[in-house]
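Since the structure comes first, as structure tokens, the remarks are kept for the end.
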Amino acid sequence: MLAMCGPSSALTYLVANVWERFREAPLRIALQRALEPVTVGLVLSSGYVLTRMNDHTWAAYAITGTTLLLALTTRLHPLWMLGAAAALGAMGLV
């Protein structure tokens, strides 16, 4: 596990420290603003791929759609939505 997660975790730690050091730098601000829409697009596209691969019933599509709407329109923590979907699955509704 250390060999799998160690290098990427160390790199992330180092980059985060450098990123914070240049908090007010114009290049950092420009990069952050440019990467925000890319991040949103990648998250939405990965959600689309997961939906196409895993949802096969109307109930699963309804849960996915409801979760998407809640995530986009509220500040509800995603773990609450995940827990609700897990509870519906445990009850056999999905």
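The values are calculated or read from the model by the stated rules, or taken from the named source; none is laboratory data. Treat the numbers as computed from the prediction; the structure is a model and nothing was measured. Every residue, glycine among them, receives a Cβ derived from its backbone with ideal geometry; neighbour counts consider all protein chains shown. Note: accessible area is taken over every heavy atom of the protein model, side chains too, but ligands, DNA and RNA are not part of it. Shrake-Rupley method; radii C 1.70, N 1.55, O 1.52, S 1.80 Å.
So the values come out like this:
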item	result
Debye, to nearest 20: dipole size of the chain, +1 on Lys, Arg Cβ, -1 on Asp, Glu Cβ	160 debye
Degrees between helix 78-90 axis and first principal axis of the chain (Cα, 0 to 90, nearest 10)	30 degrees
The chain, accessible area per residue, ligands and nucleic acids excluded (1.4 Å, Å²)	85 Å²
Exposure rule at most 12 other beta-carbon atoms within 10 Å, DSSP loop trypsin sites (Lys or Arg not before Pro): the chain longest free segment	24-74
Fraction of accessible area attributable to carbon and sulfur, the chain (%, probe 1.4 Å)	74 percent
